[in-house]
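Data first, discussion second: the structure below is written as structure tokens.
The values are calculated or read from the model by the stated rules, or taken from the named source; none is laboratory data. Everything numeric in this text was worked out from a predicted model, so none of it was measured. Glycine also receives a Cβ, built like all others from the backbone with ideal geometry; neighbour counts cover every protein chain displayed. Side chains included, ligands, DNA and RNA excluded: accessible areas come from the protein's heavy atoms. Shrake-Rupley method; radii C 1.70, N 1.55, O 1.52, S 1.80 Å.
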Amino acid sequence: MKELLITLAQALVDHPDQVSVNEIVGEKSVILELRVAQEDMGKVIGKQGRIARAIRTLVKAAAAHEGKRVVVEIIH
């Protein structure tokens, strides 16, 4: 899931070298904190949050396939 999120984010931004994901594993869920360059925030979030919603949907689908629950947070 972490690798999927990194791949998706790097494909969207102008500075792929500044994309990082911090994984926090809990008992029942996993939190993925996505960090991108400040000027790339709009590209990752999209108009009205559509791209962010699509990213979360893809990662949640991959997590469900593995039987896990995941939360994606976009941080600057």
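With an 8 Å Cα cut-off and a minimum separation of 6 or more residues, compute the relative contact order for the range 9-76 in percent.
Working: 91 pairs, mean separation 23.6, N = 68.
Answer for the range 9-76 is 35 percent.
Ordering Asp40, Asp17 by how much accessible area each has at a 1.4 Å probe, largest first, what is the list? Present the calculation step by step, with values, prior to reporting the outcome.
On the way: Asp40 0, Asp17 130 Å².
The ordering from most to least exposed comes out as Asp17, Asp40.
Tell me, Kirkwood radius of the chain from alpha-carbon pair distances, in Å?
12.4 Å is the Kirkwood radius here.
For the chain, what % of the accessible area comes from carbon and sulfur atoms, probe 1.4 Å? Can you show the working numbers first?
Numbers: 2570 of 4920 Å².
Whole-percent figure for carbon plus sulfur exposure: 52.
How charged is the neighbourhood of Lys68? Take every other residue with its Cβ under 10 Å from the Cβ of Lys68, and add Lys/Arg as +1 and Asp/Glu as -1.
Numbers: positive: Lys28, Lys60, Arg69; negative: Glu66.
My count for the surroundings of Lys68 gives +2.
Below 21 Å Cα-Cα, how many Lys pairs turn up in the chain? Only count pairs eight or more apart in sequence, or on different chains, if you could.
9
Per residue, how much accessible area does the chain show when a 1.4 Å probe rolls over the protein heavy atoms, in square angstrom? Kindly include the intermediate steps, with their values, before the conclusion.
Values: 4920 Å² over 76 residues.
Result: 65 Å² per residue.
Of the beta bridges DSSP finds with both residues in the chain, what % are antiparallel, to the nearest 5?
Close to 45 percent.
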